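Here's the structure we're looking at; comments come further down.
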Amino acid sequence: MRSSTGIKQLAGLLVGGLLLALSTAVLSESAVTKGSKAADLGACVAPTEEMRRNHMDYLQHDRDLTVHEGIRGVKYSLAECVDCHAGKDEQQKPIPINAPGQFCAGCHEYMAVSLACFQCHRKTPEDKTTSLGDALDDKARAGHSLGLLLDAGQQPMLSPAEFAQLHALIQED
Amino acid sequence: MSKSTDQPEMNRREFLGKTIVAATAATVAPGVLLSVAKAGPEQKGVTSDVRWGLLIDTNKCADGCTSCVDACHTENGIDLQEKPEGHSDAMWEQQRVQWIRKVKLQDKLTGEQTNLPLMCQHCEHPPCVDVCPTGASFKRADGIVMVDRHICIGCRYCMMACPYKARSFIHEEVANQLVRAPRGKGCVESCTLCVHRIDDGGTTTACQDACSSEGHNAIVFGDLKDPNSDISKALKEQSSRQIRADLELNTGVRYTNV
């Protein structure tokens, strides 16, 4: 009797340890697509937990600002998500971000949340050389960078408390 | 004798209004102030201080030239649309997106021919906005008439209502888009006066640029409310027409020599 409980306890300990090891391995592995621009960057436009929880609200909010108010230099831009998070295949060609297993689709499929953005919006980073006239491009490059991506080490523009406030505001609407 | 009136009880309304304003100011102010403080000069958003429009000199519009149409297609990713499998050429020609059409008019009596590009006329009183059941078809404060495709349900009432046949419907899934020109199955779209350029501080449209570089200079883009803009000066100097002026839509696109 005694020895069998001892074995059970040992087995339980082993299984528990294994699970712990597995889960830490999963936690330490980043969800960011390997080979994407984001893989080399320290931070997104907001802390990761913030983006995981609230990215949908930020984008939903901004679409009205952009379409109706003409404000295009907003902090959260879908194009910038794609720019940073789209992966590349062996030929270094960008893979659509809504392709199975890619950054957006991977999570959305798992959560069974439909991802309608890319029925209309561009799914791969745009080749900047084909964009508007040179004058406009220079203007865009100087000062008003569309997505306002943070450099590693640069402080986020808003504190977590401010984000929470902003988020509460959006939910009220 | 008590005084009867059909006017609303203004005092009560004012009181309610003020309370609501005060309450929202208290709760909303931190967030609002935050976003306002971050807004740069290009983040002010659209204002009704301007009204964008086009003036097209049909005498300068050359027969057979399609540079404005081509430029529009490149600028707005319309040339990325591909013929869906199984569609006949005739169907494709009828259904493909077109924001600008070249139109040729002929005077039946004299045989005189006039060429002109026809696009969304950006009406002050747009019929497409009147009929839209969801509010997707809307007029921006600066006079640009657009479709918010997040809200569009693809009913195509606006296409029926438009006297200029300016709108197109996306019948099939679209594989490739530009960042500045999203496009997807089931929505209506039309000329936006190159709104992405305007919002980024641009002062020309793709069609105007193309027409100028061809040497025709038939298209002038500008602010109709600014008396010193090229378009306002030109409108003041020569007689111009709105197409279907009888509908009293006060179009933002005007034509001379029609």
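What to note about this one:
- At R0 = 41 Å, FRET efficiency that the Cβ-Cβ distance of B:GLN238 and B:GLN94 yields, to 0.05: 0.65
- Residues with amide H under 5 Å from that of B:ILE144, placed H, sequence gap 5 or more: B:TRP52
- Label-point separation, A:LYS34 to A:GLU126 (7 Å along Cα→Cβ), nm: 3.1 nm
- Residue order for B:THR110, B:THR203, B:THR58, A:THR66, fewest other beta carbons within 10 angstrom first, comes to B:THR110, B:THR203, B:THR58, A:THR66.
- The 3J(HN,Hα) values that the Karplus relation (6.51, -1.76, 1.60; θ = phi - 60°) gives for segment B:81-93 are, in residue order, 6, 10, 5, x, 4, x, 8, 6, 4, 4, 5, 4, 4 Hz. Gly and Pro appear as x.
- For segment B:38-117 versus segment B:124-149, the gap between their alpha-carbon centres in whole angstrom: 18 Å
- Above-threshold pairs, the threshold being 18 Å between Cα atoms, out of A:LYS37/A:LYS123; B:LYS104/B:LYS236; A:LYS75/B:LYS139; B:LYS139/B:LYS225; A:LYS37/A:LYS93: B:LYS104/B:LYS236; A:LYS75/B:LYS139
Here, each number is a calculation from the coordinates, and none is a lab measurement. These numbers come from a predicted model, not from an experiment. FYI the Cβ positions are ideal-geometry reconstructions off the backbone, even for glycines, and counts take in every protein chain you see.
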